[in-house]
Amino acid sequence: MKKLAGKILILVGAVAGLSLVSGCEAPCTRTVSQAEINAVNQTQLQTDIAAIDQYLVNNGIVASNDPSGIRYTVDTPGTGAKPCLENTVTVRYTGKLLSTGNVFDSSANPVSFALSNLILGWRIMLPQFQAGSIITLYIPSGFAYGTRGAGTSIPANANLIFTIELVR
């Protein structure tokens, strides 16, 4: 019996060792499902995109267009690893309402969040950027807090601006 137990332990150890050598790693998903993106109210999304585009023109901001409808600028490109949706990200950020410019939240010091728990706009965009990047996201309401808003500072259907430093 001891010989059999020893052989089983050796076999288990060998399999575990092969897993480490063969590069078995935790999954890394960098794209949100198309179903999640499509679940956003498309009529409201078009209204939001038009408002964001007008804001960008009015303020002389040249932004890139993500296929989702999110607009963004890369203020500082990063050189680190890109996060996976399964990761915890560490960021500094400021969130503002597009309509008024009022800051509703910010973090001067780095804070960490499970990326999978954040608003859809962050889940769509952050995996596209390397750690060290500083980006500004112009997020349509459906990719943020939608028709429910958030607390007393983010009304329903609010388009948001986030400046984010992706620390890691």
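Every read-out reported here was derived from the displayed coordinates using simple, explicitly stated rules and does not represent laboratory data. Predicted model only: the values in this text are computed from it and were never measured. Cβ placement follows ideal geometry from the backbone for every residue including glycine, while neighbour counts extend to all protein chains displayed.
Structural remarks
- With Cα atoms, 0 to 90° folded angle of helix 2-21 axis to the chain main axis: 30 degrees
- Each of S106, S133, S141 was scored by other Cβ atoms within 10 Å of its Cβ. Arranged with the fewest first, they read S106, S133, S141.
- For the stretch 29-168, the Cβ-based charge dipole about the Cα centre amounts to some 180 debye (Lys, Arg positive; Asp, Glu negative; other atoms uncharged).
- Over the stretch 54-147: Kirkwood hydrodynamic radius from C-alpha pairwise inverse distances, Å: 14.1 Å
- Candidates L137, L118, L126, ranked by Gaussian network fluctuation over the chain, Cα under 10 Å, top entry: L118
- The C-alpha radius of gyration of the chain, expressed as a fraction of 2.2 N^0.38 Å, stands at 1.36.
- Pairwise centroid distance, computed over Cα atoms, of the stretch 104-168 with the stretch 20-96, Å: 9 Å
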